[in-house]
Amino acid sequence: MTGAREPAAGASGGEAEDFRKTVLRQIRDLTADNQRLLQSVVRSEKRFRTLAKSVWHVQEEERRRLARDLHDGLGQTLTALANQLQRLHDDARDASNLGLQHRLNDALELTRGALRDTRELSRLLRPTLLDDLGLDAALEWLARNLSERTGLHISLQSGLEEQRLHPDVETLLFRVTQEALTNVIRHSGASHARIVIRHAPMLLILRIEDDGQGFEIAQMTQAERSAGSSGLRGMRDRAELFGGRVEILSAPGQGTVVQLTLTLDAPDAEPDQNPS
Ligand SMILES: Nc1ncnc2c1ncn2[C@@H]1O[C@H](COP(=O)(O)OP(=O)(O)OP(=O)(O)O)[C@@H](O)[C@H]1O
Ligand SMILES: [Mg+2]
């Protein structure tokens with residue numbers, strides 16, 4: 001675009017009017033260019049979000065498949081093995097072979113332990129509860145499971161009242177809670193944690209609070225930048241895909257709060273069905 005040349009001093013009214021029109025036209029052209037650029041940036045961002053959501057869907061689908069394979073494949077084999085061992089154990093008992101009975105009992109215990117681990121791993125990968133009964137049931141199970149394994153007391157206060165949300169939103173909230181509680185267990189030394197869900201017609205707030213040692217947020221930013229630390233960054237990235245925001249509140253000795261805020265009726269809270 002060529003620049004308008006300013007009329008010399010003492011130029012006629014006509015020249016000044018031409019100059020004014022040229023400048024106005026150039027401003028209009030510039031505004032239109034900016035508008036086009038902005039639209040193209042918005043389109044690119046939408047494409048990027050759609051793509052990132054597709055990758056996320058593929059990951060979740062893969063976890064679902066792996067969870068099913070573990071449960072139905074390895075799980076069933078271990079169940080059959082436990083049944084066989086039980087029968088052999090009963091035979092040894094009938095034959096009053098005490099030594100063999102003890103060894104078979106040990107083998108049975110090991111097999112039952114492996115079966116429990118397999119089922120637990122399958123549920124952690126993708127709890128069928130989340131698809132079948134929704135977020136409240138899945139979070140209750142997660143809290144109970146982690147409490148039993150670690151001794152951390154975890155309570156759940158949900159304003160959802162078992163109401164179902166969009167499946168993607170339910171998965172997002174479950175994964176954020178899972179990651180935040182894993183951090184509480186690994187880093188905080190807390191004795192209590194609380195999951196709180198507040199639900200208003202257009203707004204959803206999820207908080208995971210702990211009474212642990214807390215940490216310097218500046219240190220976390222450093223840890224996030226380092227290659228070995230991806231939990232909190234992943235949480236933020238996923239929330240952003242749905243137009244949400246994750247905030248971390250913490251200080252040494254003050255515990256930690258992870259808060260996810262999501263506007264439910266935002267277009268991006270719904271999954272993009274068209275990958276265009
Ligand atoms: N609830 C918490 N209490 C205390 N410190 C925490 C808590 N949550 C996070 N942190 C601190 O923030 C850091 C970053 O957490 P982040 O989840 O991103 O990474 P990570 O847990 O170290 O590794 P991973 O990638 O396996 O999640 C942690 O290393 C820890 O120092
Ligand atoms: Mg982590």
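Bear in mind that the values in this text are calculations on the coordinates, not laboratory data. Quick caveat, the model's predicted, so the values are computed rather than measured. All Cβ positions, even for glycine, are placed from backbone atoms using ideal geometry, and neighbour counts span all protein chains on display.
Can you tell me the Rg and the Dmax, both Å, for the Cα atoms in the range 94-233?
19.7, 69
Taking R0 as 35 Å, what's the FRET efficiency between residue 57 and residue 33 from their Cβ-Cβ distance, rounded to 0.05? Intermediate values should be presented prior to the final figure.
Values: r = 36 Å, r/R0 = 1.04.
After rounding to 0.05, the efficiency reads 0.45.
Per the Cauchy relation, a quarter of the hull surface: what is the mean projected area of the convex hull of the alpha carbons in the range 80-154, in nm²?
Details: hull surface 26.5 nm².
Projected over every direction and averaged, the Cα hull of the range 80-154 covers 6.6 nm².
Please state the charge dipole magnitude for the chain, taken about the Cα centre, from unit charges on C-beta atoms (+1 on K and R, -1 on D and E), reported in debye and rounded to the nearest 20. Kindly include the intermediate steps, with their values, before the conclusion.
Numbers: 36 positive and 41 negative charges, 99 e Å.
Using Cβ point charges on Lys, Arg, Asp and Glu, the chain gives about 480 debye.
Loop sites only, by DSSP: take the trypsin sites (Lys or Arg not before Pro) in the chain that have at most 16 other C-beta atoms within 10 Å and name the longest stretch containing none of them. If you can, show how the numbers build up before the last one.
Working: sites that count: 5, 164.
The longest uninterrupted stretch comes out as 6-163.
GNM on the chain, C-alpha springs below 10 Å: top fluctuator among 243, 253, 13?
Among 243, 253, 13, the largest mean-square fluctuation in the Gaussian network model of the chain belongs to 13.
Using a 10 angstrom Cβ neighbour count of at most 12 plus a DSSP loop assignment to flag exposed GluC sites (Glu not before Pro), which longest range of the chain is free of such sites? Intermediate results must be reported in sequence, preceding the final value.
Details: sites that count: 161, 162, 216.
Longest stretch, sites excluded: 1-160.
Using a Förster distance of 25 Å, how high is the FRET efficiency between residue 79 and residue 140, based on the Cβ-Cβ distance and rounded to 0.05?
Values: r = 26 Å, r/R0 = 1.02.
According to the calculation, E is roughly 0.45.
Measure nothing but the geometry: give the 0 to 90° angle between the long axis through the Cα atoms of 135-150 and the longest principal axis through the Cα atoms of the chain, rounded to 10°.
So the inclination is approximately 60 degrees.
Any chance you could list P(r) for the chain, counting all Cα-Cα pairs in 10 angstrom bins from zero, rounded to whole %?
6, 20, 23, 17, 12, 9, 6, 3, 2, 1, 1, 0, 0
So what's the angle, to the nearest 10 degrees on a 0 to 90 scale, between helix 98-125 and the longest Cα principal axis of the chain?
The angle comes out near 10 degrees.
Between residue 96 and residue 182, take the C-beta separation as r, use R0 = 45 Å, and let me know the FRET efficiency to the nearest 0.05. Provide the component values of the computation, followed by the final result.
Details: r = 49 Å, r/R0 = 1.10.
With R0 = 45 Å, the Cβ-Cβ based efficiency is 0.35.
Expressed as an acute angle from 0 to 90° and rounded to the nearest 10, what is the orientation of the C-alpha long axis of helix 13-69 relative to the principal long axis of the chain?
10 degrees
For the range 197-206, just list the computed ³J(HN,Hα) in residue order, Karplus coefficients 6.51, -1.76 and 1.60, θ = phi - 60°, integers in Hz, with x standing in for Gly and Pro.
For the range 197-206, the Karplus curve yields 10, 10, 10, 10, x, 10, 10, 10, 10, 10 Hz.
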